[in-house]
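Heads up, the thing below is written out as structure tokens.
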Amino acid sequence: MITARNYAAKAVRDLELISKTLSKEEKEDGYIVSLVAKEIEKSQHFVMPDGGKILDTHLSSLSGLPARLPYKSISIEFFQEEIKGQKGKGPLKFVILAMESQENLDFINKITMKSDTKDLLDENVNRGSLFIAFCYENNANLFQGSRRFVLHPHAVVIPRQWESPESKITDVRIRRMATPILRGVVKRMSSAGEYDINNVHVDTAFATMSVLYLCEALSCSNVSTRILEAVDLRVNRKRVAKGKLPLYETKLLVVPSKPYSNKEDAEDPDGIKRNSPREHLRRGHIRRLDEHRRIWINSCVVGNHNDGRIDKTYLVLGE
């Protein structure tokens, strides 16, 4: 289900408004908030299903491979009922900005100079990395009596390629990569007793994993994109004249719905037959055809029911 609609335009409006009202002590933070808002506006916009996840995987197919963005700068929007480990914080609307660091050095340099995180970010940028910042709106984010998108005071810079094929991408690893970019806001929150580093880690890991889920889906050659919301400049001019938000051209990913047949699944390219003779449910998964090509295989029922049936039960545990 896709609930998100034009979140990015609302986030840009809210961030620009908030950037102008930050105190003198947070002047540098205001500059960064405005900078992120302008970058969101310029980026290519994507909408994701509720929860920020596309394929039913655990990112195992990205291990040892580069996580590539489809454009040098993208924004991702989606609705989330609640973040695991953050009870009472939802529901939330997310807008995440992700960019290739080496292709956006001017932006990265401005962020690092204003936030005084130059050394840490430069180390990651030189290795090739993704820069991820995000904003969200929930019931707690009230500004001048209205719900507003606010920029999270931390960003994440992650290496685009992980160390080895055996390395696993987990939110535990990502949590160690959070970097404060709104230092004035962090200082104010700390003084008020509102700063919780554990919550910071959960928030930044959740946003980063959503970007990686998009990268993983786009790594499949049979996953395509289509325009969900087309832009008509004349319509946008009329909307703005009436005090409404402009519409941004937004894309979504299209996962093939046609399952592979039993005959196609019966034998792998290496000639090894892997089909169970008994009827069973095969979960959706990513299949590697060769070193460079991967495709998404939908869940399907395979095998011959005359030879019996295998019933599988999956237990999902929550905290």
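Taken together, the values in this text are just the output of simple stated rules run on the coordinates, not laboratory data. Just so we're clear, the structure is a prediction, and the values are computed from it rather than from any experiment. Please note: Cβ atoms are built from the backbone with ideal geometry, for glycine as well, and neighbour counts cover all protein chains shown.
What the table below lists for this structure:
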read-out: Using alpha carbons only: equivalent-ellipsoid semi-axes of the range 174-260, gyration tensor based, whole Å; value: 35, 27, 9
read-out: Point-to-point label distance, Thr225-Lys38, nm (Cα→Cβ direction, 7 Å offset); value: 2.3
read-out: Added length on full extension, which subtracts the Cα-Cα distance from 0.36 nm per residue, Asn198 to Asp116; value: 27.3 nm
read-out: Potential lengthening between Asp50 and Val240 on full extension [0.36 nm per residue; Cα-Cα distance subtracted]; value: 65.6 nm
read-out: Greater than 23 Å apart at Cα, pairs in Lys93/Lys238; Lys20/Lys244; Lys93/Lys244; Lys20/Lys53; Lys53/Lys114; Lys38/Lys187; value: Lys93/Lys238; Lys20/Lys53; Lys53/Lys114; Lys38/Lys187
read-out: Calculated FRET value between His58 and Arg176, using beta carbons and R₀ = 30 Å, to 0.05; value: 0.95
read-out: Cα-projected label distance for Arg147 with Asp106, points at 7 Å along beta-carbon direction, nm; value: 3.6
read-out: Distance (nanometres) between label positions extended 7 Å along Cα→Cβ at Lys27 and Met189; value: 2.4
